[in-house]
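This report refers to the structure that appears directly beneath it.
The values are calculated or read from the model by the stated rules, or taken from the named source; none is laboratory data. Keep in mind the model is a prediction, meaning the values are calculated, not measured. Glycine also receives a Cβ, built like all others from the backbone with ideal geometry; neighbour counts cover every protein chain displayed. The accessibility values were calculated without ligands, DNA or RNA, using every heavy atom of the protein model including side chains. Shrake-Rupley method; radii C 1.70, N 1.55, O 1.52, S 1.80 Å.
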Amino acid sequence: MPASEHAIVEETVELLCESHIRYTTYYGTFAHTPVLGTLEVLPLAAIGVNSSGTIDFIECCVEKGTDLRVLTCAHASVKLQIDDIDIVDVSQDDTTFFFPGFVDTHIHAPQFPNNGIFGNTTLLEWLEEYTFPLEASFTDLKFAKEVYRKVIDRTLSNGTTTASYYATIHTEATNLLADLCLQLGQRAFIGKVCMNQNSPDDYIETDEECKISTLAVIEHVKGRDPKGHFIRPILTPRFAGSCTDTLMKWLGDLRNSGDYHCQTHLSENHKEIEWIMSMFPQYKNYTDIYLKTGLLGPKTILAHCIHLSDEEMRVVASTGSGVSHCPTSNSSITSGEARVRWLIDNGINVSLGTDCSGGFSASILEVARHALLVSRHLVMKSGNEREKLSSSEVLYLATVGGAKVLQIDDSVGSFKVGLKFDAQLINLTSMDSNVDVFQFQRPQWGER
């Protein structure tokens with residue numbers, strides 16, 4: 001990366017992390033899902049955000065016409081002068097509201113150009129035909145920069161403020177992804193993919209190459225954001241089919257010693273499961289591979305988990321590992337239907353992932369819709385109405401659920417004093433909105 005871009009990144013870190021930003025109070029309607037199954041709406045609320053971006057106070061049902069700067073001075077935990085306060089007032093538009101930023105816990109950044117390309121393939125054929133050839137091209141940093149900038153821009157425009165990214169095996173391109181996330185203002189977990197077996201000749205690494213590049217990416221990410229406010233490294237063994245158990249054990253030891261996040265794939269496709277178990281007959285099941293190599297734990301994200309046995313589910317639950325549910329991808333490449341209610345009922349944290357490009361959309365809201373529909377397809381098969389997910393539940397998975405899986409729910413996911421103000425502003429009547437709003441649906445909050 002040129003020196004000028006290094007300067008941009010360093011300046012971004014300084015602007016984001018130092019406490020010289022003015023105090024801001026946001027005024028309008030806020031909606032969030034603080035508890036699974038509950039949608040809470042806060043009409044005409046004032047939320048004060050201090051210079052570190054943390055929610056300092058929440059005052060509900062503030063009458064229109066209230067002097068918001070005076071109210072802020074009265075409620076803020078620090079002494080303020082009127083001139084220190086910025087006001088963002090969206091209360092005049094009753095079709096506009098704040099909602100927490102979406103959390104995408106499973107997205108392959110380099111696959112973004114392949115969105116919607118899956119043909120008539122299933123997982124293993126799709127990887128060989130479409131995915132690996134594209135990812136191998138990320139030795140070209142100019143190409144990598146174009147793709148990574150576009151995927152960040154697209155996910156941000158769809159309300160994703162936090163993403164857990166798979167990159168490629170390439171150190172420099174992965175570091176570039178981290179720099180761009182920081183520069184463009186997206187909270188991100190950056191994963192240099194590890195692949196040392198069953199991969200194309202031009203897209204594979206040795207154990208030693210993987211270890212060196214993994215440590216180099218960790219050092220780079222930590223150097224850019226030492227406190228992990230916005231970007232953090234995440235260990236990324238692609239899946240057991242691409243990694244020897246020797247490499248996975250090294251990554252497991254690294255995960256434990258450094259308390260790092262980890263992400264991989266689990267139980268996505270029947271043929272995948274059969275193939276992997278033929279490679280690892282010494283393990284009881286697919287999940288046991290990750291357990292015995294030390295990859296499971298509270299900061300581990302397991303994508304898909306469609307075909308888990310009861311025994312495997314109990315292992316995932318007992319280790320505190322989280323699941324990224326990817327219904328759009330699972331449907332697109334004919335992988336199956338994850339039993340989300342079953343996972344939740346057994347104490348497993350579940351989130352949502354776009355899984356670009358197995359999934360065809362970079363929108364977590366689109367994925368939430370598909371999660372709703374897939375749960376109904378399960379009911380059509382089982383007759384068990386409890387398997388249905390509600391709208392508020394899938395929105396919870398898209399926000400708080402993702403934060404819990406990433407173990408950052410003490411920072412983001414809902415509107416609560418002490419959390420960061422991590423939000424998107426929704427306007428239901430904006431240009432190209434797919435929502436039609438009628439006059440009878442527009443209550444005048446100020447007249448209540």
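Can you say whether Thr319 is in contact with a Leu (Cβ under 7 Å, 6 or more places away or on another chain), at negative phi and of a type in the set (S, T, N, Q), as far as the supplied structure shows? If you could, list the steps in order and put the result at the bottom.
Details: in contact with a Leu (Cβ under 7 Å, 6 or more places away or on another chain): yes; at negative phi: yes; of a type in the set (S, T, N, Q): yes.
Yes; evaluated as a whole, the condition is true for this residue.
Tell me which residues, restricted to region 25-49, are without any contact (Cβ under 8 Å) to a residue 60 or more places away in the chain and of a type in the set (Val, Ile, Thr).
Val41
So which of Leu291, Leu251 ends up being among the aliphatic types (A, V, I, L, M), buried (at least 17 other Cβ atoms within 10 Å of the Cβ) and within 21 Å of Ala338 (Cα to Cα)?
Of the residues listed, the single one that is among the aliphatic types (A, V, I, L, M), buried (at least 17 other Cβ atoms within 10 Å of the Cβ) and within 21 Å of Ala338 (Cα to Cα) is Leu291.
With the structure loaded, tell me whether Leu395 is modelled with pLDDT of 95 or more, assigned by the TED database to the domain that holds Ser91 and touching a Ser or Thr at 6+ places or on another chain (Cβ under 8 Å) or whether it fails that test.
No.
Where in region 56-120 are there strands (runs of 3 or more DSSP E), lying fully within it, with 3 or more residues that are among the aromatic types (Phe, Trp, Tyr) and out of contact with any helix residue (DSSP H, G or I) (no Cβ under 6 Å at 6 or more places or on another chain)?
Hits in region 56-120: 96-100.
Could you please tell me which pairs satisfy a Cβ distance under 6 Å, a separation of 6+ or placement on different chains, a first residue in region 281-299 that is aromatic (Phe, Trp, Tyr), and a second residue that is assigned to a loop (DSSP other than H, G, I, E, B) and open to solvent by less than 20 Å² (accessible area, probe 1.4 Å)?
From residues that are aromatic (Phe, Trp, Tyr), the pairs are Tyr286/Ser267; Tyr290/Leu296.
Considering only residues that are among the small types (Gly, Ala, Ser), more than 21 Å from Arg149 (Cβ to Cβ) and crowded, with 16+ Cβ neighbours inside 10 Å, which ones fall in region 181-239?
The answer is Ser199, Ser213.
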